[in-house]
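The block underneath contains the structure these notes are about, expressed in structure tokens.
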Amino acid sequence: MKRVRDILTRKGNDVWSISPSASVYDAMKLMADKGIGALLVMEGEKLVGIISERDYARKVILQGRSSRTTSVEEIMTSRVAYAEPGQNIEECMAVMTEKRIRHLPVMEAGQVRGVISIGDLVKSIIDEQKFIIEQLERYITS
């Protein structure tokens, strides 16, 4: 059974973050530039929140606010669900489904080690199932 650390080994530990005092506009620009859907909100090495495109749509656009004058800390999610490197993929999928989120920071000993997305989990599950199918086909045909 694959674990979070296996996903990070494959995809890397890149973490894109922004300061809570930054503007939402700067956060959205960084997400667009990096082709990602969420940013960790960090004060130095400390994780203080997460901001996603969904936060922008619901808390800025729909409320008629300006992304240039609204700070990240005004709309970020401050109670951040996270994963640990040793967790299995199914546990993470359950957390994401239950909380209706698409990104999980990976934390170890209070430090951010990476971020996994629902897409990363789905890809990992598909790859594992593909491997099992190939093994079964080999077994059947040999």
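The values are calculated or read from the model by the stated rules, or taken from the named source; none is laboratory data. Since this is a predicted model, take the numbers as computed values, not measurements. For neighbour counting, all protein chains shown are included, and Cβ atoms are generated from backbone atoms with ideal geometry for every residue, glycine included.
Beta carbons closer than 6 Å, at least 6 apart along the sequence or on distinct chains, pair a first residue in region 83-104 that is more than 16 Å from Gly37 (Cβ to Cβ) with a second that is among the aliphatic types (A, V, I, L, M) and surrounded by fewer than 18 Cβ atoms within 10 Å (Cβ to Cβ) for Asn88/Met1; Val95/Ala81.
In this structure, Gly44 does not satisfy being among the small types (Gly, Ala, Ser) and closer than 18 Å to Gly119 by Cβ. Residue selection: Glu90 fails the criterion of being over 15 Å from Asp6 (Cβ atoms) and either of a type outside the set (Phe, Trp, Tyr) or not in a loop (DSSP other than H, G, I, E, B) (or both). Residues that are in a helix (DSSP H, G or I) and of a type in the set (S, T, N, Q) within region 66-86 are absent altogether.
Selection over region 7-22 of residues that are surrounded by fewer than 18 Cβ atoms within 10 Å (Cβ to Cβ) and not in a loop (DSSP other than H, G, I, E, B) gives a count of 3. Of all residues in region 93-124, count the ones that are more than 14 Å from Arg10 (Cβ to Cβ), out of contact with any helix residue (DSSP H, G or I) (no Cβ under 8 Å at 6 or more places or on another chain) and outside any loop (DSSP other than H, G, I, E, B). The qualifying residues number 10. Of the numbered criteria (1) farther than 19 Å from Glu84 by Cβ; (2) at pLDDT 95 or above, the one Arg5 fails is (1).
Residues are listed down the side, and each one gets a yes or a no for (1) under 27 Å from Ile132 (Cβ atoms); (2) touching a Gly at 6+ places or on another chain (Cβ under 9 Å):
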{"position": "Thr9", "(1), (2)": "yes, no"}
{"position": "Val24", "(1), (2)": "no, no"}
{"position": "Lys34", "(1), (2)": "no, no"}
{"position": "Thr77", "(1), (2)": "no, yes"}
{"position": "Glu91", "(1), (2)": "yes, no"}
{"position": "Leu104", "(1), (2)": "yes, no"}
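When the test is whether a residue is in a helix (DSSP H, G or I), modelled with pLDDT under 95 and closer than 29 Å to Lys29 by Cα, Lys130 does not pass it. Restricting region 44-71 to residues that are in contact with a Ser or Thr (Cβ under 7 Å, 6 or more places away or on another chain) and not hydroxyl-bearing (Ser, Thr, Tyr), which is surrounded by the fewest Cβ atoms within 10 Å (Cβ to Cβ)? The extreme case among them is Arg68. If you go through region 90-142 and keep only what is among the acidic types (Asp, Glu), closer than 29 Å to Trp16 by Cβ and over 18 Å from the mean Cα position of the chain (by Cα), you end up with Asp127, Glu128.
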